[in-house]
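The values are calculated or read from the model by the stated rules, or taken from the named source; none is laboratory data. What you see is a predicted model; the values in this text were computed from it and never measured. For neighbour counting, all protein chains shown are included, and Cβ atoms are generated from backbone atoms with ideal geometry for every residue, glycine included. Areas reflect the complete protein model, heavy atoms only, side chains present, ligands, DNA and RNA absent. Shrake-Rupley method; radii C 1.70, N 1.55, O 1.52, S 1.80 Å.
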Amino acid sequence: MQTDLTHTNERFSVLSEDSEFLNLILNNISSCIMLLDKDLKLRAYNNPMLSIFSNKRDENLMYRKCGDVIGCAYQIEEQKLCGTTSMCRTCELRLAALHSYVNNEAIFREHITKPFFDYDGKKEDKDLQFSTRLFTYKKENYIIIILEDITPLMTMKKKMDKHLNTT
C-alpha cells in the first residue's frame, strides 16, 4: 500500500481492497460501532464496544440483541430479553434503529441518558450520543449504530452549570 494516501483527496473506497487496513481504522476509532441485522441482533462490532459498553467478559456477543450486548440495566434487572422489557417501547436507541431500518432515514447525534451495568455489576447512568443509519450489503439490510459515551463531558457541563447558577 502506498503511504501517500493522506496527501490525496480520495475517499476510503480507495482502500476497499485492503480489509486489514479498514479493520485497523474501525478498531482505532474511539466510538463504539455496532452493526445490527433486521432483528436488531449484533452482527459485527469494533473493539471499543467491549471496553465502553459491554458488561460481559470474553462472551460471544454475536447474534445477541443490542441491550444485552451493551449492558442495559432494564434488560438485566427484569431478566428479560432486549425488546421485551417494560422500557423497550420507549428506548430512544431502539426506536432510532427501528426508524432507520423501516424508513431508511439516518439519525444523527441524538442524546440519551440510560442506566447500564458494568463488568463488576455496578449500575451507572451513562450519557450517550448516538447515530443510526440503514445500509444494504449483498441484498441484506443492516443498521449501523455509532455510540459515544459522553458521560464525562455531561458531568463537567452539569458542574459548570451548577457553578454558574450559584455565583
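Each residue in the range 69-87 was checked for being in contact with a helix residue (DSSP H, G or I) (Cβ under 6 Å, 6 or more places away or on another chain), more than 15 Å from Thr113 (Cβ to Cβ) and free of Cβ contacts under 8 Å to residues at least 24 places away in the same chain, and 2 pass.
Here Cys88 meets each of (1) under 23 Å from Ala44 (Cβ atoms); (2) out of contact with any Cys (no Cβ under 8 Å at 6 or more places or on another chain) with one exception, condition (2). Counting only helices (runs of 4 or more DSSP H) that sit completely within the range 55-167, those holding 3 or more residues that are under 14 Å from Leu36 (Cα atoms) correspond to 66-70, 92-103. Picking from residues in the range 54-64 that are on the phi < 0 side of the Ramachandran plot and open to solvent by 60 Å² or more (accessible area, probe 1.4 Å), the one that is modelled with the highest pLDDT is Arg64.
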